[in-house]
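The values are calculated or read from the model by the stated rules, or taken from the named source; none is laboratory data. Everything quoted here is computed from the prediction, not taken from an experiment. Please note: Cβ atoms are built from the backbone with ideal geometry, for glycine as well, and neighbour counts cover all protein chains shown. Ligands, DNA and RNA are excluded from the accessible area calculation, which covers all protein heavy atoms including side chains. Shrake-Rupley method; radii C 1.70, N 1.55, O 1.52, S 1.80 Å.
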Amino acid sequence: MTSNRRPLKIRDQRIMNRFAAWLSQRSVTPNQISVLSVICALAGAAALVWSGQQAGGERSVWLVVAALCIQLRLLCNLFDGMVAMEGGKQTPAGELFNDVPDRIADPLLIVACGFALPGFESAQWLAWLGALLAVMTAYVRVLGVSLGLPADFRGPMAKQQRMALLTGACVLSAFDPLWQHPGLILWVSLIIIAVGSGLTVMRRLIGAYLRLQRRGIE
């Protein structure tokens with residue numbers, strides 16, 4: 001299982017290890033943290049949708065709330081694995097709780113981003129396309145693992161890149177009242193997510209194909 005963990009430098013930081021150890025000493029389970037990540041994503045998605053119905057300062061506030069919820073979701077993703085592995089709280093169903101919440105959270109947040117842009121006609125289909133391709137990136141990775149290949153976390157638009165981009169776009173869009181093109185940053189971020197996720201799917205598919213071919217020759 002450790003070989004299939006996403007490589008994250010933040011996992012080695014002392015403060016993260018201390019907090020994970022603190023959680024491990026409580027009655028908190030990794031599966032509970034995984035479920036909490038979906039709740040954070042739901043809250044972030046709701047904030048994005050609501051921001052699309054507001055204007056001015058109120059819209060900015062909800063965009064910042066969405067950015068915070070996205071980061072809380074990522075922290076849950078980090079700590080569920082750390083509590084499971086370092087805290088010795090692995091369960092037989094842990095892999096389900098580790099992967100399924102991500103497949104719910106990513107589309108929720110990306111699709112909600114489309115609803116945050118009522119003034120852009122293409123925002124909805126861009127958001128749905130980005131959400132579909134985001135799920136496909138994970139599908140190709142999991143398919144490769146099921147075929148005996150190492151987990152492929154390559155980008156350019158893996159989960160951490162998608163969520164970092166969406167967080168940054170929400171924060172920058174909170175300053176929309178200061179310039180003439182409100183919503184433009186979020187709209188561009190949807191394009192980048194869709195195109196980048198498509199490239200990620202292709203890279204992982206080609207990588208899996210080449211590994212399988214080499215394994216067949218060997």
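Sorting LEU117, LEU74 by accessible area (1.4 Å probe), largest first, what list results? It would help to have the intermediate numbers written out before the result.
Details: LEU117 5, LEU74 40 Å².
These residues rank, largest area first, as LEU74, LEU117.
Suppose each label sits 7 Å from its Cα in the direction of the beta carbon; what would the ARG103-ILE206 distance come out to in nanometres?
It works out to 2.6 nm between the two label points.
Where the centre of each part is set by its Cα atoms, how far does the stretch 73-92 sit from the stretch 165-218, in angstrom?
Each part's Cα centre sits 26 Å from the other's.
Heavy-atom accessible area of ILE185 with all protein chains present, probe 1.4 Å, nearest 10 Å²?
That residue has around 50 Å² of solvent-accessible surface.
At a 1.4 Å probe radius, which order do TRP125, TRP179 fall into by accessible area, largest first? Kindly include the intermediate steps, with their values, before the conclusion.
Values: TRP125 145, TRP179 105 Å².
If we order TRP125, TRP179 from most to least accessible, we get TRP125, TRP179.
Using a 7 Å offset from the Cα along the Cα-to-Cβ direction at both ALA55 and ALA164, what is the distance between the two label points in nm, to one decimal?
Going by the 7 Å Cα→Cβ label model, 3.6 nm.
Once you charge only the Cβ atoms, +1 for Lys and Arg and -1 for Asp and Glu, what is the size of the charge dipole of the chain about its Cα centre, to the nearest 20 debye?
On the way: 20 positive and 12 negative charges, 148 e Å.
Value, rounded to 20: 700 debye.
Give me the one-decimal nm value for the distance between modelled label points at GLN124 and ALA21, 7 Å along each residue's Cα-to-Cβ direction.
5.2
Please report the relative contact order for the chain, taking Cα pairs under 8 Å with a sequence separation of at least 6, and give it as a percent rounded to a whole number. Intermediate values should be presented prior to the final figure.
Working: 286 pairs, mean separation 51.0, N = 218.
Dividing the mean separation by the residue count of the chain yields 23 percent.
I'd like the Karplus ³J(HN,Hα) series for the stretch 134-144: coefficients 6.51, -1.76, 1.60, θ = phi - 60°, whole numbers in Hz, and an x wherever there's a Gly or Pro.
5, 5, 5, 4, 6, 4, 5, 4, 5, 4, x
Place a +1 charge on the Cβ of each Lys and Arg in the stretch 132-218 and a -1 charge on the Cβ of each Asp and Glu, then give the dipole magnitude about the Cα centre in debye, rounded to the nearest 20.
Value, rounded to 20: 400 debye.
Give the accessible area for LEU165 in Å² (nearest 10); use a 1.4 Å probe, count only protein heavy atoms, and leave out ligands, DNA and RNA.
That residue has around 50 Å² of solvent-accessible surface.
Mind listing the phi-derived Karplus ³J(HN,Hα) values for the stretch 93-100, rounded to whole Hz, using 6.51, -1.76 and 1.60 with θ = phi - 60°, and x for any glycine or proline?
8, x, 5, 5, 5, 6, 9, 4
Averaged per residue, what accessible surface does the stretch 86-218 expose to a 1.4 Å probe, in Å²?
Values: 6880 Å² over 133 residues.
I get 52 Å² per residue for this part.
Using the Cα gyration tensor of the stretch 58-113, with a ≥ b ≥ c the square roots of its eigenvalues, what is the shape: rounded (a/c below 1.5), prolate (a/b larger than b/c) or oblate (neither)? Spell out each step's value before the answer.
Values: a/c = 5.62, a/b = 2.06, b/c = 2.72.
Verdict is oblate for the stretch 58-113.
Ignoring ligands, DNA and RNA, what percent of the accessible area of the chain is carbon or sulfur (1.4 Å)? All intermediate terms of the calculation are to be shown ahead of the outcome.
On the way: 7880 of 11410 Å².
Solvent-exposed carbon and sulfur of the chain make up 69 percent of the total.
Keeping all protein chains in the complex and leaving out DNA, RNA and ligands, what accessible area do you get for TRP128 with a 1.4 Å probe, in Å² to the nearest 10?
150
Starting from the Cα-Cα distance between THR91 and VAL145, subtract it from 0.36 nm times their residue separation and give me the gain in nm to one decimal.
Details: separation 54, 0.36 × 54 = 19.44 nm, distance 1.94 nm.
Taking 0.36 nm per residue and subtracting the Cα distance, the gain is 17.5 nm.
For the chain, what D do you get in µm² per second when you plug the Kirkwood radius from alpha-carbon pairs into Stokes-Einstein at 25 °C and 0.890 mPa s?
Details: Rh = 18.2 Å.
Result for D is 135 µm²/s.
Using the Karplus curve 6.51 cos²θ - 1.76 cosθ + 1.60 with θ = phi - 60°, what ³J(HN,Hα) values do you get for each residue of the stretch 188-205, in whole Hz, with x for Gly and Pro?
After applying 6.51 cos²θ - 1.76 cosθ + 1.60, I find 5, 4, 5, 4, 5, 4, 5, 5, x, 5, x, 5, 5, 4, 5, 4, 5, 5 Hz.
Can you give the alpha-carbon Rg of the stretch 88-129 over 2.2 N^0.38 Å, where N counts its residues? Intermediate results must be reported in sequence, preceding the final value.
Details: Rg = 15.5 Å, N = 42, 2.2 N^0.38 = 9.1 Å.
The stretch 88-129 yields a ratio of 1.70.
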